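Here is the structure we will look at.
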Amino acid sequence: MRHGPNAATARAYSNIALIKYWGKRDSALNLPAVGSISITLDALYTDTRVTFVSGLEQDKIEIGGRTTDPARFTGFLDRIRQHADITARARVESWNNFPTGAGLASSASGFAALALAATQAAGLNLSPRELSILARQGSGSAARSIFGGYAEMHRGERDDGTDAFAEPLLDADAWPLDVVVAITATTSKSVNSTTGMQDLDQRSDYYDAWVGHAETDLAAMREAIEDRDFARLGALSEMSCLKLHGLMLSTRPGLIYWNAATVAAMHAVRQLRADGVGVYFTIDAGPQVKAVCQPADTDRVVAALEQVPGVLEARRSGLGPAAHRLD
Ligand code: 2P0
């Protein structure tokens, strides 16, 4: 399909954090309270086409062919319009190749793809860092999906958020890893991340400890990646995941993102490890279990997770590339 100068299509891949982000130091600019380190996944992605259309009354957003309330997107698009000095409303068409809003990081790939497609359609040529800062304002985890391979998101210190962006740590092919996603539910989660994170300092007695230990965890993970130390990377990511879920459970009202199959899959991963397979789980704000392993072990991990009662599918993924244009 031919695009005019007011349209662009982009693809961005989902990512999972090995050291987790949770909590904000500022909600208006969406500034994270802690940094995070993630890997980008090639099997889960969002394709987004943005067209700025003069005469359109309001932004029109379609996700997977269904019209969606533009509220969460119009403010985001307004920043781009202001920067590009245009007023036209946008038509946004977006497809995920996986279930939306079920803890598979659709907001990460979604806002990264939207940031790239919308800025390009508006005639802007932003640097990856500028794109990361923009994507962050749509969703914290989206700042990391601008990059491929291993990426680190910085919490930043400035009030204006200009130092809260992600940066690449290592290319995907410099250290290939696989992730097996055990899908245990395909319905949207009951409490989205933004709501779950609101006023955490008042809602959890564990919050100060969470923020206080973040730098130590990030430094350890940076070292594990630098050393290509898989056992250390895995142990740290499982620890960060369990610490995050401890925080979620301690939040008033308690956030329980797991179902029975989630817990069964966690035990299956630990059993594999007891049997000598190097595999570690991580879980986000949803019921899916992501098992991180080395490519030589992936078949075995898939076979084991497919056997877990309640696991609907075990989807394998390698590490993905940076967000890029498709047209
Ligand atoms: C992460 N998660 O680091 C953490 C771990 C989920 C658990 O980032 O409010 O959708 O849009 O910034 O990015 C999910 O939160 O939240 C998330 P907002 P986002 O991947």
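The values are calculated or read from the model by the stated rules, or taken from the named source; none is laboratory data. None of the values given here were measured: they were computed from a predicted structure. We place every Cβ from the backbone using ideal geometry, glycine too, and count neighbours over all the protein chains shown.
Here are the numbers for this structure:
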{"read-out": "Condition broken by Trp22, with the remaining ones in (1) out of contact with any Lys or Arg (no Cβ under 9 Å at 6 or more places or on another chain); (2) more than 12 Å from the ligand (Cβ to nearest atom) satisfied", "value": "(2)"}
{"read-out": "Which listed residue, of Leu255, Leu242, Leu247, is part of a helix (DSSP H, G or I), in contact (Cβ under 8 Å) with a residue 24 or more places away in the chain and more than 12 Å from Val181 (Cα to Cα)", "value": "Leu247"}
{"read-out": "One residue from Arg252, Arg228 being charged (D, E, K, R), farther than 30 Å from Asp173 by Cα and modelled with pLDDT of 95 or more", "value": "Arg252"}
{"read-out": "Filter pass, Val292 being buried (at least 21 other Cβ atoms within 10 Å of the Cβ), within 15 Å of the ligand (Cβ to nearest atom) and over 19 Å from Asn97 (Cα atoms)", "value": "yes"}
{"read-out": "Filter result for Thr9 (away from the ligand (no atom under 13 Å from the Cβ), polar (S, T, N, Q), under 24 Å from the mean Cα position of the chain (by Cα) and part of a strand (DSSP E or B))", "value": "yes"}
{"read-out": "All strands (runs of 3 or more DSSP E) inside the range 279-323 with 1 or more residues being at pLDDT 95 or above and of a type in the set (D, E, K, R)", "value": "289-293, 313-317"}
{"read-out": "Per-region count, the range 122-164, residues touching a residue at least 60 places away in the same chain (Cβ under 8 Å), more than 16 Å from the ligand (Cβ to nearest atom) and among the aliphatic types (A, V, I, L, M)", "value": "1"}
{"read-out": "Tally, over the range 161-199, of residues that are part of a strand (DSSP E or B) and at pLDDT 95 or above", "value": "10"}
{"read-out": "Test: residue in the range 37-60 that is assigned to a helix (DSSP H, G or I) and crowded, with 21+ Cβ neighbours inside 10 Å", "value": "no"}
{"read-out": "In the range 258-274, the residues that are in contact with a helix residue (DSSP H, G or I) (Cβ under 9 Å, 6 or more places away or on another chain) and not in a helix (DSSP H, G or I)", "value": "Trp258"}
{"read-out": "Residue in the range 75-97 that is away from the ligand (no atom under 14 Å from the Cβ), within 13 Å of the chain's Cα centre (by Cα) and modelled with pLDDT of 95 or more present", "value": "no"}
{"read-out": "Single unsatisfied condition, Gly148 versus (1) within 21 Å of Ala33 (Cβ to Cβ); (2) in a loop (DSSP other than H, G, I, E, B)", "value": "(1)"}
